[in-house]
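**Student:** Pasting in a structure now, in structure tokens, and then I'll have a few things to ask.
The values are calculated or read from the model by the stated rules, or taken from the named source; none is laboratory data. Because the structure is predicted, anything quoted here is derived from the model rather than measured. Ideal geometry is used to build each Cβ from the backbone, glycine not excepted, and the neighbour counts take in all protein chains shown.
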């Protein structure tokens, strides 16, 4: 899983991450410094007011850049 330090390419990366010892090789294998997850849109009911909330969030630049690199490979 891209950017996942626990379930990604090597479970020992998580140990090095928690100890502040990520290597350049670890970072290259992760491909991103964060999870490649994003919710562009979320809807839910406010727990107190019961109003419907609708939140939108554009794709962060680092994820857009990562996806454009994938498009170039394919």
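**Student:** Residue check, residue 71 against (1) at pLDDT 90 or above; (2) surrounded by fewer than 10 Cβ atoms within 10 Å (Cβ to Cβ), all met but one. Which one?
**Tutor:** Unmet condition: (1).
**Student:** Taking the options 20, 3, name whichever one is surrounded by 10 or more Cβ atoms within 10 Å (Cβ to Cβ) and at positive phi.
**Tutor:** The conditions single out 3.
**Student:** Hey, could you check region 23-41 for residues that are farther than 28 Å from residue 54 by Cβ and at pLDDT below 90 and say which is surrounded by the fewest Cβ atoms within 10 Å (Cβ to Cβ)?
**Tutor:** Taking region 23-41 and keeping what is farther than 28 Å from residue 54 by Cβ, we get 23-31, 33.
Those left that are additionally at pLDDT below 90: 26-31, 33.
Values: 26: 18, 27: 13, 28: 8, 29: 12, 30: 22, 31: 14, 33: 10.
Residue satisfying both the conditions and the ranking: 28.
**Student:** A further question on this structure: Does residue 48 meet the test of being more than 28 Å from residue 67 (Cβ to Cβ), out of contact with any helix residue (DSSP H, G or I) (no Cβ under 8 Å at 6 or more places or on another chain) and either surrounded by 13 or more Cβ atoms within 10 Å (Cβ to Cβ) or modelled with pLDDT of 90 or more (or both)?
**Tutor:** Values: more than 28 Å from residue 67 (Cβ to Cβ): yes; out of contact with any helix residue (DSSP H, G or I) (no Cβ under 8 Å at 6 or more places or on another chain): yes; either surrounded by 13 or more Cβ atoms within 10 Å (Cβ to Cβ) or modelled with pLDDT of 90 or more (or both): yes.
Yes: the conditions hold for residue 48.
**Student:** Among the numbered criteria (1) assigned by TED's automatic domain parsing to the domain that holds residue 3; (2) farther than 24 Å from residue 5 by Cα, which one does residue 47 miss?
**Tutor:** (1)
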